[in-house]
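In what follows, a single structure is set out as structure tokens and then discussed.
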Amino acid sequence: MEKTVIFRFAVREDIPLILQFIRELADYEQLLDQVVADEATLEHWLFEKNGAEVLFVLEDSIEVGFALFFHNFSTFLGRSGLYLEDLYVRPAYRGRGYGKALFQQLVQIARQRGCGRMEWWCLDWNHPSIEFYKRMGAEAMTDWTIYRLSGEALERLADTPAQE
């Protein structure tokens, strides 16, 4: 008999767990040294500013995976999309369908909310995830390049007056 997959949205009391999942994911992606998030920052952005949402997938009342997502907006579609920032299942629980279930739950949320699309980034070397997303029907966006302005470059430009 198959287990029923249970999902739940994060609440304020989950902030330490959310940070733990973020650190585990960063470690998996070999980017742990780049994590500067802390509990106070997560509380502010997730629960005070409502900047993103976190959905957990559970096995026997234990959180085994999470997805952090938020809404973006497509001017061409004229409506919001769902942007998946992170999807992670703990290694001991992989291969049991939790990643697929979590992904499908996000797709259902996007549809329920009237989103026109769902988007995310995936590291080029992460072939297991790339193959997973392809099996779900996703397409790589080869015509677009991701740009980022952060850290000192962001601060420097913010301090520069806009030109008329």
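Observations on the structure shown:
- Residue within region 130-138 that is under 18 Å from E24 (Cα atoms) and among the hydroxyl-bearing types (S, T, Y) present: no
- Only a single criterion out of (1) loosely packed, with under 14 Cβ neighbours inside 10 Å; (2) farther than 16 Å from Y98 by Cβ; (3) among the acidic types (D, E) is not satisfied by E29, namely (1).
- Checking R94 against (1) of a type in the set (D, E, K, R); (2) surrounded by 15 or more Cβ atoms within 10 Å (Cβ to Cβ); (3) within 21 Å of L19 (Cα to Cα), the condition it does not meet: (2)
- Counting residues in region 136-150 that are more than 30 Å from D14 (Cα to Cα), surrounded by 15 or more Cβ atoms within 10 Å (Cβ to Cβ) and in contact with a strand residue (DSSP E or B) (Cβ under 9 Å, 6 or more places away or on another chain) gives one or more.
- Selection count where residues are among the aromatic types (F, W, Y) and surrounded by fewer than 17 Cβ atoms within 10 Å (Cβ to Cβ), scope region 48-61: 0
- Residues (over 16 Å from L87 (Cβ atoms) and within 16 Å of the chain's Cα centre (by Cα)) located in region 48-71: N50, G51, H71
- Yes/no for V64 being in contact with a Gly (Cβ under 7 Å, 6 or more places away or on another chain), surrounded by 13 or more Cβ atoms within 10 Å (Cβ to Cβ) and closer than 23 Å to L102 by Cα: no
- The residues listed here are F21, F47; of these, the one that is farther than 20 Å from Y93 by Cα, at pLDDT 95 or above and of a type in the set (F, W, Y) is F47.
- Condition met for R156 (basic (K, R), under 17 Å from the mean Cα position of the chain (by Cα) and surrounded by 10 or more Cβ atoms within 10 Å (Cβ to Cβ)): no
The values are calculated or read from the model by the stated rules, or taken from the named source; none is laboratory data. Fair warning: this is a prediction, and the values are worked out from it, not measured in the lab. Note: ideal-geometry Cβ built from the backbone for every residue, glycine included; neighbour counts use all protein chains shown.
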